[in-house]
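Report on the structure given below.
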Amino acid sequence: MPDNFEVPVSLPNTPIRHVRLLILGSGPAGLAAALYAARAELAPVVLSGTELGGQVSLTFTIENYPGFPEGVGGAELGDLFQKQAERFGARVEFASAYSVDLSQHPFKVGTDNGEVQAEVLIIATGASPIHLNIPGEAELTGRGISYCATCDGWFFKDKNVVVIGGGDSALEEGLFLTRYASSVTVFHRRDSLRAGVVLQKRALEHPKMKFIWNTIITEVVGKEKVEAVKTKNVQTGEEGLFQTEGVFVFIGHTPNTKIFEGQIEMEKGYVKVDNHMNTSVAGVYAAGEAADPNFRQVITSAGMGAAAAIEATKFLEKADG
Ligand code: NAP
């Protein structure tokens with residue numbers, strides 16, 4: 001769940017539930033963990049968080065997940081993950097966790113479906129887009145500023161839009177926007193891209209895509225909706241105004257781990273795990289983007305989820321004697 005998720009009021013008479021294995025998050029890590037745990041007959045419960053299927057479900061096409069030579073829709077892949085886990089007995093609930101107490105066992109988790117006590121916990125809460133934190137951004141979010149091209153691209157048919165960032169997300173989402181927008185101008189703060197070469201080639205050669213290098217956005221301008229962005233060349237200091245109706249921000253992600261702060265070892269906001277997905281608390285595992293500052297791919301998240309479930313199964317077998 002995103003860190004800005006609003007704490008819902010817990011229902012006073014909701015009974016406390018006890019589960020063997022609770023998985024927080026329903027992205028590739030959470031659902032892969034659910035599949036493995038379900039096949040180990042642990043009847044895992046998955047709390048979806050606010051984004052059922054995780055970030056991948058907001059991606060138009062995934063071209064680098066093995067087994068789909070023509071690519072697969074992000075939402076479709078999330079749905080397939082869920083169905084496969086459910087087939088073996090996993091239960092996916094549309095709910096979020098908003099507090100945890102890892103100081104006692106079973107672990108206590110406050111959710112908007114009441115309190116859950118879990119013998120084992122897998123943290124797969126993923127990550128959320130980073131914001132620019134510049135004037136106009138908060139005010140115009142949803143009024144021309146977006147963090148998801150797949151969700152909002154359609155609203156920018158025949159319009160000129162701006163993309164900010166130079167990584168895989170910026171180029172992938174920028175390319176997606178060319179389906180609708182008349183032009184997509186990428187503003188990047190350096191003069192070389194971070195994105196992979198295949199995406200770079202596609203984006204640089206696309207007739208609708210333009211690149212403005214060494215330039216940052218300092219303000220988003222508009223009354224009711226986005227009208228322009230103020231720009232600054234970081235090398236020359238030259239400032240400008242660029243007319244646009246849409247601003248798509250893809251400058252990276254931050255892990256959704258706020259509720260674990262102070263209870264578990266973390267590094268730069270990521271839950272620290274060893275190569276068995278153990279966290280600093282016995283019986284708590286973490287997988288996917290909440291614990292991975294390096295790879296952040298669907299396949300690596302799914303792999304971490306599977307590994308976490310295998311280790312969780314061993315933990316419970318040991319506890320059972
Ligand atoms: P990312 O790789 O961290 O790239 C973020 C981009 O935003 C960078 O180009 C960075 O510039 C720029 N940036 C950061 N802060 C900024 C700021 N305040 N103002 C302006 N620009 C700023 O993030 P991502 O593209 O979301 O990708 C995240 C991970 O997911 C990566 O590991 C990526 O490979 C993966 N991913 C993979 C695919 C795929 O394989 N198809 C698709 C999407 C994402 P600098 O380059 O100067 O740092």
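The values are calculated or read from the model by the stated rules, or taken from the named source; none is laboratory data. This is a predicted model, so every value here is computed, not measured. Cβ: placed from backbone, ideal geometry, glycine included. Neighbour counts: every protein chain shown. Ligands, DNA and RNA are excluded from the accessible area calculation, which covers all protein heavy atoms including side chains. Shrake-Rupley method; radii C 1.70, N 1.55, O 1.52, S 1.80 Å.
Working from Cα positions, state the angle (0 to 90°, nearest 10) between the long axis of helix 168-177 and the longest principal axis of the chain.
60 degrees
What is the local net charge at Thr111, summed over the other residues whose Cβ is closer than 11 Å to its Cβ (Lys, Arg +1; Asp, Glu -1)?
-1
Roughly how big is the range 81-208's charge dipole about its Cα centre, with Cβ charges of +1 (Lys, Arg) and -1 (Asp, Glu), in debye to the nearest 20?
Computed charge dipole of the range 81-208: roughly 580 debye.
Can you give the angle from 0 to 90° between the axis of helix 28-39 and the longest principal axis of the chain, with both taken from C-alpha atoms, to the nearest 10?
It works out to around 20 degrees.
I need the Debye-formula profile for the range 66-105: one equal scatterer per C-alpha, no solvent, reported as log10 I(q)/I(0) at q = 0.15, 0.20, 0.27 1/Å, two decimals.
Once normalised to I(0) and log-transformed, intensities are -0.60, -0.78, -0.95.
Just to make sure I understand: if all protein chains stay in place, what is the order of Thr59, Thr244 by accessible area at 1.4 Å, largest first?
Thr59, Thr244
Gly53: net charge of surrounding residues, Cβ under 12 Å, Lys/Arg +1, Asp/Glu -1, itself excluded? Can you show the working numbers first?
Working: positive: Lys83; negative: Glu51, Glu76, Asp79.
Net of charged neighbours comes to -2.
What is the ratio of the Cα radius of gyration of the chain to 2.2 N^0.38 Å, where N is its residue count, to two decimals?
Numbers: Rg = 21.0 Å, N = 321, 2.2 N^0.38 = 19.7 Å.
Against the compact-globule rule of thumb, the ratio is 1.07.
Over all directions, average the projected area of the Cα convex hull of the range 151-229 and note it in nm².
With the hull built on Cα positions only, its mean projection is 5.2 nm².
Report the one residue of Asn275, Leu177, Ser146 whose Cα lies farthest in the direction of the positive end of the charge dipole of the chain (charges on C-beta: Lys and Arg +1, Asp and Glu -1; origin at the Cα centre).
Checked the options; the winner is Leu177.
Can you give me the relative contact order of the range 213-304 as a percent, contacts being Cα pairs under 8 Å and 6 or more apart?
That works out to 15 percent.
Taking the C-alpha atoms of the range 108-175, how large are the radius of gyration and the largest Cα-Cα span, Dmax, in Å?
17.7, 53
Report, for the chain, the % of DSSP beta bridges that are antiparallel, rounded to 5.
Values: 28 of 61 bridges.
Antiparallel bridges: around 45 percent, rounded to the nearest 5.
Regarding the range 50-175, what's the average projected area of the Cα-atom convex hull, expressed in nm²?
For the Cα atoms of the range 50-175, the hull's average projected area reads 11.2 nm².
May I ask you to give the average projected area over all directions of the convex hull of the Cα atoms of the range 154-294, in nm² rounded to one decimal?
Here the figure is 11.4 nm², rounded to one decimal.
Would you work out the relative contact order for the chain, in percent, from Cα pairs under 8 angstrom that are 6 or more residues apart?
21 percent
In degrees from 0 to 90, rounded to the nearest 10, what is the angle of the helix 298-320 Cα long axis to the longest principal axis of the chain?
Value to nearest ten degrees: 10.
What percent antiparallel are the DSSP beta bridges of the range 162-321, to the nearest 5?
Percentage antiparallel, nearest 5: 60.
So which lysines can Lys268 reach, going by Cα to Cα under 30 Å and dropping same-chain residues fewer than 8 places off?
Cross-link targets: Lys108, Lys232, Lys258, Lys314.
Measure off, as a whole percent, the carbon and sulfur share of the 1.4 Å-probe accessible area of the chain, all protein chains present.
Reported share for carbon and sulfur atoms: 51 percent.
At 1.4 Å probe size, what's the solvent-accessible area of Thr141? Round to the nearest 10 Å².
Only protein atoms counted, so the area is about 60 Å².
What is the sum of charges, Lys and Arg at +1 and Asp and Glu at -1, for the other residues whose Cβ falls under 11 Å from the Cβ of Asn160?
Details: positive: Lys159, Lys208, Lys210; negative: Asp158, Glu245.
Summing Lys and Arg as +1 and Asp and Glu as -1 gives +1.
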